[in-house]
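Each remark here refers to the structure printed beneath this line.
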Amino acid sequence: LDDLIVYLRAALPHLKESTSTVAKESELATAYLNIQRLRRGGRPAFRIDVGTDAHDARMPPMLLLPLIAHAVSDGSIGTPAIDPLTIRIEVAGLVLRVTVRTRSGAFRAGGPGGEVVDGVRERLRGLYADTAQFAVDADENGITMELPHEHAGPPQG
């Protein structure tokens, strides 16, 4: 119940916002994954690494969570051979780089979640045109997104 409360507190206030931050999105992802772990007997093992310079970077809301949800629901992530799910978010020069990796082959071409991957790719293209990149790793076990790094700045009130 505590994990569900954390998830709802992270998700509900931001449903109508057009922008978010890496800190908010990683908090939402952590809460979601903790709920999945409760449902799945402690799996998936996961690690979310956010670079210190990435916490306050702007990030479109609900860009990361569909990819994570897809990786978890791919069906095969619940076994020890598949774990862990690793999410890394870092600033590299003028780019915010987001990497999601698992060993499930969740991002294979023509797989059951192709529409999730295609949807995120199209959303990035719509938001950033050619200044963002989305690539599925050669082994189809991960994705890398690169978008322009934008500092969120001080809260406006």
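The numbers here are math on the coordinates, done by the rules we state, and not lab data. Given the structure is predicted, the values throughout are model-derived calculations rather than measurements. Reconstructed Cβ throughout: ideal geometry from the backbone, glycine too, with neighbour counts over all protein chains shown.
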> How much length, in nm to one decimal, is gained on full extension between Thr99 and Ile35, taken as 0.36 nm per residue of separation minus their Cα-Cα distance?
Replying inline: 20.9 nm
>> Starting from the 7 Å offset along Cα-to-Cβ, what nm value, one decimal, do you get for the label separation of Arg108 and Ala138?
In response: 1.8 nm
> By how many nm would the segment from Ala92 to Asp49 grow when fully extended, if each residue of separation counts as 0.36 nm and the alpha-carbon distance is taken off?
Replying inline: 14.1 nm
